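K.L.:
Sending over a structure as structure tokens; questions will come in a sec.
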There are 4 protein chains.
Amino acid sequence: MPTSTQDADQLRVGVVGAHGNVGREICAAVRAADGMRLVAEVDQGVPMQDLVDNGAQIIVDFTHPDVVMDNLAFCIDRGIHCVVGTTGFTDERLATLTERLGSKPDVGVLVAPNFAIGAVLMMRFAEMAAKFYESTEIIELHHPGKADAPSGTATRTARMIGAARQDAGLDAMPDATSTQLDGARGAEVDGVRVHAVRLRGLVAHQEVIFGTEGETLTVRHDSMSRTSFVPGVLLGVRNIAAHPGLTVGIEPLMGLD
Amino acid sequence: MPTSTQDADQLRVGVVGAHGNVGREICAAVRAADGMRLVAEVDQGVPMQDLVDNGAQIIVDFTHPDVVMDNLAFCIDRGIHCVVGTTGFTDERLATLTERLGSKPDVGVLVAPNFAIGAVLMMRFAEMAAKFYESTEIIELHHPGKADAPSGTATRTARMIGAARQDAGLDAMPDATSTQLDGARGAEVDGVRVHAVRLRGLVAHQEVIFGTEGETLTVRHDSMSRTSFVPGVLLGVRNIAAHPGLTVGIEPLMGLD
Amino acid sequence: MPTSTQDADQLRVGVVGAHGNVGREICAAVRAADGMRLVAEVDQGVPMQDLVDNGAQIIVDFTHPDVVMDNLAFCIDRGIHCVVGTTGFTDERLATLTERLGSKPDVGVLVAPNFAIGAVLMMRFAEMAAKFYESTEIIELHHPGKADAPSGTATRTARMIGAARQDAGLDAMPDATSTQLDGARGAEVDGVRVHAVRLRGLVAHQEVIFGTEGETLTVRHDSMSRTSFVPGVLLGVRNIAAHPGLTVGIEPLMGLD
Amino acid sequence: MPTSTQDADQLRVGVVGAHGNVGREICAAVRAADGMRLVAEVDQGVPMQDLVDNGAQIIVDFTHPDVVMDNLAFCIDRGIHCVVGTTGFTDERLATLTERLGSKPDVGVLVAPNFAIGAVLMMRFAEMAAKFYESTEIIELHHPGKADAPSGTATRTARMIGAARQDAGLDAMPDATSTQLDGARGAEVDGVRVHAVRLRGLVAHQEVIFGTEGETLTVRHDSMSRTSFVPGVLLGVRNIAAHPGLTVGIEPLMGLD
């Protein structure tokens, strides 16, 4: 029976929170992806037991902080790997997961605050380049409905650059500004200037610019749609079984750590 | 005599302040340009009379506020057109020039604060586009030796955009920012946010970004070297004779007014 | 009755082809826009007569070449203005519309191949800048599902630049390339090099770069979503009544001609 | 004697080919840099022996293929480290150097084809990002006096991306182009499309764009002036003593290998 043979090569994936906006996108992406098969769609009215009944090997959970810990306990105990984009993971919650995984040494759980592969690479490249450049500034650009400025990703990038500069013993960046309109030079995060643009039509974008004598290097990430988390989630699904225990952030699954 | 015939087609150009940094660049550019010939290089030790003796039809003056008015009086009285990049032109000085030109109706004098053709086009395009977009922000990027932030060009661009938005009756730009690090959203000039980046390796750059639903439009000007005033000066030399009287800014000679 | 007073200030808009993908976006946009009201949604099962019964003053038609001429005849005869994004308008069809409008001198019909305001501005700016620059090249970037390379917009932009250069008597662009990998320097359209990038994740983007000594000017348009036609359609709805007769392209309604 | 104490902390640097264009830039850069001192300027009329007489610990050699091997033999034999930007290093020449260094195990020689730190980082980042993206294309942009298209750096980057994609087992990039103007889709190098722009006003620039569902990542390097090799040369001077033996390319001194 050819179908069975084919199935044997395919990862059996369940989606928890399958009826939400993000869940629906993930279900569609799993259905369309090579090498995996959507076997369960859990949400209100569809119990977690469906994952077991349909032989799910891996779940993707984009649900709610109130329910995610119970979902993960259920899966870990049954040997199901977990790829988790739900928010609200405190150090305490991560410790609870690590403890639970102690009795299931083969199970992998990935908890990631950001599944956008490009954002992760941008931050890594920024960290690597920082020490070679006298000057570095960050421009992040988002839709005008965003509440915080600068973005969390920009702040995190600035901190990584600041730390890399400090490790390398770099001086403060050159800046002869003596007359300034309030705010013109942006916000300062760990010695790195960050500028936040808010513009109708944009989604989520960030540019990190490095400068030294006679040259600049720019790393830019553009999220064009709300589905930019999809490639990172699929990467998690494909690789989590090979990373038993708790993994925080997709970097290790990308081979970056 | 072929040389004379050839010369008859060529504009005879004198450079005043020919030994300064800018003056030397202009001399080199006039020598290299088609359709014109460098006939006099006035500076300390070389009198203005050289312009007359060598039949200069047009001068380029990048000198000093202390001497420029005398230079221009000398040239106007002798029917020599003037292309002027020297700074310090107050309304009073411009009025003095207009008066002097009254008795020489064929003479043209161009006084321009900015000869970079691209900067002029960028401002014009910004002014034209402004009314069609809900959001507009400006990012200017310069070398770290610059004293003022934002740049004069950025401030002027913001004012032009602000005026165009007001003429069109546009509302304030959308911006849901509620949590902000000081300076993150840039400086505000006439309702337009302006961000100033200072980075080793840069020269002088500016980007104006317009956004509306589903699309953005960007106009960017990059000055890569100190010689970016050259094309504008040559444009002035070629066209000033056809623009008698006083002209402020190269826009009219570019056909933009 | 306050509602009536309010209504009196609002344009009464009908959408023809209201149930298609584009039609639904337009209905949503009209509902959300200030100063207009959606009064009829015509599609299969909803007759054109609904426009009359509900007092539509203007229609938006994104339907099909097979039906659009009948739709427009119906509206013109009843004094309803038309904003049309349907394709397939030959010179013959445009002549037919002009003739029909002859007997209804107050009615305005806008037929536009491209409602993206930014694309129209980009082309206009390219046309204006071309004569000031020795070099101009075009880079267009689209999703990888696009069948033609370069895009129609890029080809049209190149032709406009080529014509502007010819009018200004510019020489061929400088290019010392003597060793070339096949295709490296792009396609040539009227003397202008055009490069087509195809990349997953992109939507529709174009950059026109102008260069002269020491400086470059770049005009870039980014369509981030399929809804980038919306602002242009709303601009058409707001202005068509003031432009009686046939108008081709949104430029005149943008005050660009 | 404070001067001696200060000197003891400073690297004593000699420049060979000190009177050429590049040599003069390097002399100026060594003079201006912290932690090093220019002690000898060798060129026609100034013998290599000056290096020894002035206690040079490290030389920088941007000379000519005809003389560089003799220069390096002289320095290696006297225990002087070498940072070399001269061209023409064949495998045979590199083998000769390795052999000579065998008897001087403490001496370091760096031979690098490209000292632009940003170009090296761009290639490294491109190599790291390639496997995560369905699509990657390269746009390189240079002044119009360049003879080859695409540039050597672009070709090398494309090869690195092609190899990384092959290692990761990626399929060919998606591309539905069915109607194409000759050259529009660029040149193909190891499955990667490369586009070469030639524009007056540019110096040397390259952009690598990666795309996957809903997002793109861009790495861009801009060389704004001929001095962009300076930071890489200074990095070589500072680090070569800690890298005995032959090093090809600055990557190992940047900690990238």
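The values are calculated or read from the model by the stated rules, or taken from the named source; none is laboratory data. Keep in mind it's a predicted model, so treat the numbers as computed, not measured. Glycine also receives a Cβ, built like all others from the backbone with ideal geometry; neighbour counts cover every protein chain displayed. With ligands, DNA and RNA removed, areas are computed over all heavy atoms of the protein, side chains included. Shrake-Rupley method; radii C 1.70, N 1.55, O 1.52, S 1.80 Å.
K.L.:
Ratio of alpha-carbon Rg to the 2.2 N^0.38 Å globular estimate for the range B:114-239, to two decimals, please. Numbers along the way, then the final one.
P.N.:
Numbers: Rg = 15.4 Å, N = 126, 2.2 N^0.38 = 13.8 Å.
That works out to 1.12 for the range B:114-239.
K.L.:
A further question follows. Search the structure for amide H atoms under 5 Å from the amide H of B:A184, placed 1.01 Å from N in the peptide plane, and list their residues when 5 or more places away or on another chain.
P.N.:
Placed amide hydrogens put A:A187 under 5 Å from B:A184.
K.L.:
Continuing with the same structure: From the phi of every residue in the range C:221-235, what ³J(HN,Hα) in whole Hz does the Karplus formula 6.51 cos²θ - 1.76 cosθ + 1.60 yield, where θ is phi - 60° and glycine or proline is x?
P.N.:
Rounded to whole hertz, the list is 10, 10, 8, 8, 8, 5, 8, 6, 7, 4, x, x, 5, 5, 4.
K.L.:
Something else now. How big is the antiparallel share of DSSP beta bridges in the range A:22-119, given as a percent to the nearest 5?
P.N.:
Working: 1 of 8 bridges.
Restricted to the range A:22-119, the bridges split so that about 10 percent are antiparallel.
K.L.:
Let me ask you something else. Taking amide H positions as placed in the peptide plane 1.01 Å from N, state which residues far from C:M224 in sequence (5 or more) or on other chains have amide H under 5 Å from it.
P.N.:
Distant-sequence amide H within range of C:M224: B:E215, B:T216.
K.L.:
Find the percent of Cα-Cα distances in the protein assembly as shown that exceed 45 Å, and round it to a whole number.
P.N.:
Summing the P(r) tail past 45 Å for the protein assembly as shown gives 43 percent.
K.L.:
Write down the Å³ per residue value for the convex hull defined by the alpha carbon atoms of the range D:25-134.
P.N.:
Numbers: hull volume 16.9 nm³, N = 110.
So the per-residue Cα hull volume is 154 Å³.
K.L.:
With runs of 4+ DSSP H residues as the only contributors, calculate the mean residue ellipticity of the protein assembly as shown at 222 nm using -39,500 (n - 2.57) per run, divided by the residue total and rounded to the nearest 500.
P.N.:
-10500 deg cm²/dmol
K.L.:
Next question, about the same structure. On the accessible surface of the protein assembly as shown, probed at 1.4 Å, how many percent belong to carbon and sulfur atoms?
P.N.:
Working: 19690 of 41680 Å².
Solvent-exposed carbon and sulfur of the protein assembly as shown make up 47 percent of the total.
K.L.:
Here's another thing I want to ask about it. Tell me: how much accessible area in total is hidden between A and C, 1.4 Å probe, Å², nearest 100? Mind dumping the intermediate values first?
P.N.:
On the way: alone 13410 and 13460 Å², together 26550 Å².
Heavy-atom accessible area buried at this interface is about 300 Å².
K.L.:
Separate question: Averaged over peptide D:120-126, how many Cβ atoms belonging to another chain are found within 10 Å of each residue's Cβ?
P.N.:
Values: counts 2, 8, 5, 0, 3, 8, 0.
The shielding value for this peptide is 4.
K.L.:
Along Cα→Cβ at 7 Å, what distances in nm separate the A:D53 label point from those on the other copies, shortest first?
P.N.:
4.9, 9.4, 10.6
K.L.:
Ignore the peptide's own chain and count Cβ atoms of other chains within 10 Å of each Cβ in C:147-156; give me the average, rounded.
P.N.:
Mean partner shielding for this stretch: 3.
K.L.:
Using the Karplus curve 6.51 cos²θ - 1.76 cosθ + 1.60 with θ = phi - 60°, work out ³J(HN,Hα) for each residue of the range C:176-188 in order, rounded to whole Hz, and write x for Gly and Pro.
P.N.:
Running phi through 6.51 cos²θ - 1.76 cosθ + 1.60 with θ = phi - 60° gives 8, 4, 10, 10, 9, 6, 3, x, 4, 8, x, 8, 10 Hz.
K.L.:
For q values of 0.10, 0.23, 0.24 Å⁻¹, compute log₁₀ I(q)/I(0) with the Debye formula on a Cα-only model of the range A:78-179, without solvent.
P.N.:
-0.46, -1.20, -1.25
K.L.:
Taking N as the number of residues in the range B:177-257, what is its Cα Rg relative to 2.2 N^0.38 Å?
P.N.:
Compactness ratio reported: 1.57.
K.L.:
Turning to a different aspect of this structure: Solvent-accessible area per residue for the range B:45-186 at a 1.4 Å probe radius, Å²?
P.N.:
Result: 42 Å² of accessible area for each residue.
K.L.:
Let me ask another. If you build a Gaussian network model of chain A, linking Cα atoms that sit under 10 Å apart, which residue out of A:A40, A:A28, A:A56 swings the most?
P.N.:
It is A:A28.
K.L.:
Still on this structure, I have one more. Cα centroid distance between the range D:86-139 and the range C:39-66, in Å?
P.N.:
That distance is 67 Å.
K.L.:
Something else: Going by Cα centres, the range C:182-214 and the range B:141-188 are how many Å apart?
P.N.:
So the two Cα centres are separated by 31 Å.
K.L.:
At a 1.4 Å probe radius, which order do A:R193, D:R78, A:R165 fall into by accessible area, largest first?
P.N.:
D:R78, A:R193, A:R165
K.L.:
At 7 angstrom along the Cα-to-beta-carbon line, where would the label on C:A73 sit relative to the other copies? Give the distances in nm, shortest first.
P.N.:
Ordered by increasing distance: 7.3, 7.9, 9.4 nm.
K.L.:
May I pose another question? Which distance in nm do the two modelled labels at C:D175 and B:R159 give, with both placed 7 Å along the Cα-to-Cβ direction?
P.N.:
For C:D175 paired with B:R159, the spin-label model returns 4.2 nm.
K.L.:
Hey, which residue of D has the C-beta nearest the axis mapping D onto B, and what's the distance in Å?
P.N.:
Result for the axis mapping D onto B: D:M224, 3.
K.L.:
While we're here: Run the paramagnetic zone check for A:T90: 7 angstrom along Cα to Cβ, then residues of the range A:61-80 with backbone nitrogen under 14 Å.
P.N.:
A:65-66, A:69
K.L.:
If I model a spin label as a point 7 Å beyond the Cα along the Cα-Cβ vector, how far apart are those points for A:D77 and B:D43 in nm?
P.N.:
Rounded to a tenth, the inter-label distance reads 8.8 nm.
K.L.:
Inside 10 Å of the C-beta atoms of A:246-255, what's the mean count of C-beta atoms belonging to other chains? Write down the numbers at each step before the final one.
P.N.:
Numbers: counts 0, 0, 0, 0, 0, 0, 0, 0, 4, 3.
The mean count of partner-chain Cβ atoms within 10 Å per residue comes to 1.
K.L.:
Run the label-point distances for A:D167 please: 7 Å along Cα to Cβ, every other copy, nanometres, shortest first.
P.N.:
Here A:D167 shows inter-copy label distances of 2.1, 5.4, 5.7 nm.
K.L.:
At 1.4 Å probe size, what's the solvent-accessible area of D:D43? Round to the nearest 10 Å².
P.N.:
40 Å²
K.L.:
Using θ = phi - 60° and the Karplus form 6.51 cos²θ - 1.76 cosθ + 1.60, what ³J(HN,Hα) does each residue of the range B:207-215 get, whole Hz, x for Gly and Pro?
P.N.:
Rounded to whole hertz, the list is 10, 10, 10, 10, x, 9, 4, x, 8.
K.L.:
So what does A:R12 come to for accessible area, using a 1.4 Å probe and Å² rounded to 10?
P.N.:
For A:R12, solvent-accessible area is about 70 Å².
K.L.:
With a Förster radius of 22 Å, plug the Cβ-Cβ distance of C:R226 and C:A147 into 1/(1 + (r/R0)^6) and report the FRET value to the nearest 0.05.
P.N.:
0.85
K.L.:
Follow-up. Report the Cα-based extents of the range A:21-84 along its three principal axes, largest first, to the nearest Å.
P.N.:
29, 24, 21
K.L.:
When only the heavy atoms of the protein chains count and the probe is 1.4 Å, how do C:H64, D:H143 rank by accessible area, highest first?
P.N.:
On the way: C:H64 95, D:H143 55 Å².
Largest to smallest exposure gives the sequence C:H64, D:H143.
K.L.:
Sticking with this structure for a sec: Under the rule of at least 5 residues apart or a separate chain, name every residue whose amide H is placed under 5 Å from the amide H of A:G249.
P.N.:
Under 5 Å from the amide H of A:G249 lie the amide H atoms of A:V111, A:A112, each far enough along the sequence or on another chain.
K.L.:
Run through all the Cα pairs of the range D:144-189 and give the fraction in each 5 Å bin from 0, expressed as whole percent.
P.N.:
5, 16, 19, 20, 20, 13, 5, 1
K.L.:
If D:K131, C:K146 are ordered by their accessible area, calculated over protein heavy atoms with a 1.4 Å probe, which sequence runs from highest to lowest?
P.N.:
Result of the area sort, largest leading: D:K131, C:K146.
K.L.:
Just the Cα atoms of chain B, one point each, no solvent: what log10 I(q)/I(0) does Debye give at q = 0.09, 0.16, 0.18 Å⁻¹?
P.N.:
Rounded to two decimals, the profile gives -0.49, -1.16, -1.33.
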